[in-house]
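Have a look at this one before I ask anything.
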Amino acid sequence: MELKEYRIERLKAAAAAAGADMIVATLPANLNYITTGYVCINQDVLTRAECAIGYIPAQDKYVYIVGYADLPTVLEFAGNDAEVYFAGGGFFFEKGAENDEFVDKIMAYKEKAYPTTADAWNAAVRSNLPEGSTIAIDESRIFASQLKAVEAKLSGYQVINATDLFMEARLIKHPEEVAGVEASARCAADSLMAALAQFEPGMTEYRIGELYSIELAKRGAKPYFCTVTSQLRAAFSDTTNDRVRPIVKGDMIRFDFGCILNGYCSDLGRFAVVGEPTDKMRQYYTAICAGLDAAVAIAKPGVTAGELFDAAMDAVRKNGLPHYRRHHTGHGIGLECYDNPTIAHGNPMPIVENMTFNLETPYYELGWGGMMIEDTFAMTANGARMLDHTTRDMILL
């Protein structure tokens, strides 16, 4: 089955389970998923950029609710017959002298602007479905005020939240999606190792992050995040990279990093020491690696996310870090950095074939430092297959 057909079948099943007659995507990852490829570039630039795409399973039909400036991209992607609704119309295109169906369509649409975005949504729904239908809206990238206005316009319809619907559809990956996650993970891992090959004592956290971004660009990937924290700052779980303090001999460095390659996210963790690690560093790092290895060892189809968590926690505590605590030891990954499931205590969701997920066992001790190991896996019939491919060993610089 081709990727687009696979995604549509997943969406249809999730929509049927939710009783939805139309599902509407707003989050960039969900726009990509519902169409297999449409990208609203404005959403990478403008926080308030509006883009919604509805899919009606019973009609196998799409409707686009976008800005007029997006219209050429929509028609280029979906064809001249794409059904588009938009508001405002303040943007201008000029028409050249030559007659062209593509251009004529764009210019004709200029007269079809609705007064507000909510009016455009209302027209898109009412033109295709009768009152009483259920509209599932992905609330991830629509402002609360806008959603309230849309719901007010759609009186007579049942409006439900589609966030979980999309998460369910994206849960199990097509082989092409597994390959996409693998390529992204390997790109991130290779880029970090290439950046560290240029490391010299005296560099800052910020400079290492810069080198990482440069290496990503060489490989055609977009920077996503790269947290580089050293020495006492290595205990800061999510923070900025310091621009001032030089990294010197004896320092520990914790890396939490990823990229976006062809729409697929990666999220990895590594640990390095400049020079020789202390006994405590060795002991604690051995412990967190044992935890990750223990989770991998029991990972097979049918094992629950909660069981993976418990295996990791037990192994860390038994191998040198008895006071270890975590709220989760991993998560799904795909078009978003965090897909389902969350690898957490008591989560009954089974890990099944073709799920892609991360396992991680970071440790943060304020006043001392922190360390991390995080890898990406795909579940196969025979167990977890590691998708990133660089060393899990402590990196000595």
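The values are calculated or read from the model by the stated rules, or taken from the named source; none is laboratory data. This is a predicted model, so every value here is computed, not measured. Neighbour counts are summed over all protein chains in view; Cβ atoms, including those assigned to glycine, are modelled from backbone coordinates with ideal geometry.
Could you please give the count of residues in region 111-138 that are closer than 20 Å to A162 by Cα, charged (D, E, K, R) and surrounded by 15 or more Cβ atoms within 10 Å (Cβ to Cβ)?
We begin by selecting, within region 111-138, every residue closer than 20 Å to A162 by Cα; these are 117-118, 120-126, 128-138.
This time we only want the ones that are charged (D, E, K, R), so: 126, 131, 138.
Then drop every residue that is not surrounded by 15 or more Cβ atoms within 10 Å (Cβ to Cβ), which leaves 126, 138.
Qualifying residue count, region 111-138: 2.
Are any residues in region 42-70 assigned to a helix (DSSP H, G or I) and aromatic (F, W, Y), and if so, which ones?
So in region 42-70, the residues assigned to a helix (DSSP H, G or I) come out as 42-44, 57-59, 68-70.
Result: Y68, single match.
Something else about it: Test each condition in (1) buried (at least 17 other Cβ atoms within 10 Å of the Cβ); (2) free of Cβ contacts under 8 Å to residues at least 40 places away in the same chain; (3) farther than 27 Å from L335 by Cβ; (4) of a type outside the set (D, E, K, R) for Y284 and report the one that comes out false.
Of the numbered conditions (1) buried (at least 17 other Cβ atoms within 10 Å of the Cβ); (2) free of Cβ contacts under 8 Å to residues at least 40 places away in the same chain; (3) farther than 27 Å from L335 by Cβ; (4) of a type outside the set (D, E, K, R), the odd one out for Y284 is (2).
Same structure again: Consider A108 carefully, then state whether it is surrounded by 17 or more Cβ atoms within 10 Å (Cβ to Cβ), assigned by TED's automatic domain parsing to the domain that holds I34, over 23 Å from G37 (Cβ atoms) and at pLDDT below 90. So that I can check it myself, show each step before the final result.
Details: surrounded by 17 or more Cβ atoms within 10 Å (Cβ to Cβ): no; assigned by TED's automatic domain parsing to the domain that holds I34: yes; over 23 Å from G37 (Cβ atoms): yes; at pLDDT below 90: yes.
The answer is no for A108.
Mind telling me which of the residues S191, S184 ends up being of a type outside the set (D, E, K, R), in contact (Cβ under 8 Å) with a residue 60 or more places away in the chain and under 30 Å from R7 (Cα atoms)?
On the way: S191 fails: under 30 Å from R7 (Cα atoms).
Answer to the check: S184.
Would you mind finding the one in D375, D310 that is assigned by TED's automatic domain parsing to the domain that holds F255 and under 20 Å from I253 (Cβ atoms)?
The unique qualifying residue is D375.
Can you list residue pairs whose Cβ atoms sit under 8 Å apart, with the first residue in region 71-93 being part of a helix (DSSP H, G or I) and the second being among the β-branched types (V, I, T) and loosely packed, with under 14 Cβ neighbours inside 10 Å? Count only pairs 6 or more apart in sequence or on different chains.
Close Cβ pairs satisfying both conditions: T73/I41.
Then there's this: Which of the residues belonging to region 350-373 are more than 23 Å from D388 (Cβ to Cβ) and assigned to a loop (DSSP other than H, G, I, E, B)? Step through it out loud before you land on a result.
Of all residues in region 350-373, those more than 23 Å from D388 (Cβ to Cβ) come to 350, 365-369.
Hits for region 350-373 are L366, G367, W368.
Step by step: first the residues of region 198-243, then only those that are of a type in the set (F, W, Y) and part of a helix (DSSP H, G or I), then the one that is nearest to G263 (Cα to Cα). Which residue is that?
Residues of region 198-243 that are of a type in the set (F, W, Y), as a first pass: 199, 206, 212, 224-225, 236.
Filter once more, so that each one left must be part of a helix (DSSP H, G or I): 206, 212.
On the way: Y206: 25, Y212: 19 Å.
Among those that are of a type in the set (F, W, Y) and part of a helix (DSSP H, G or I), it is Y212.
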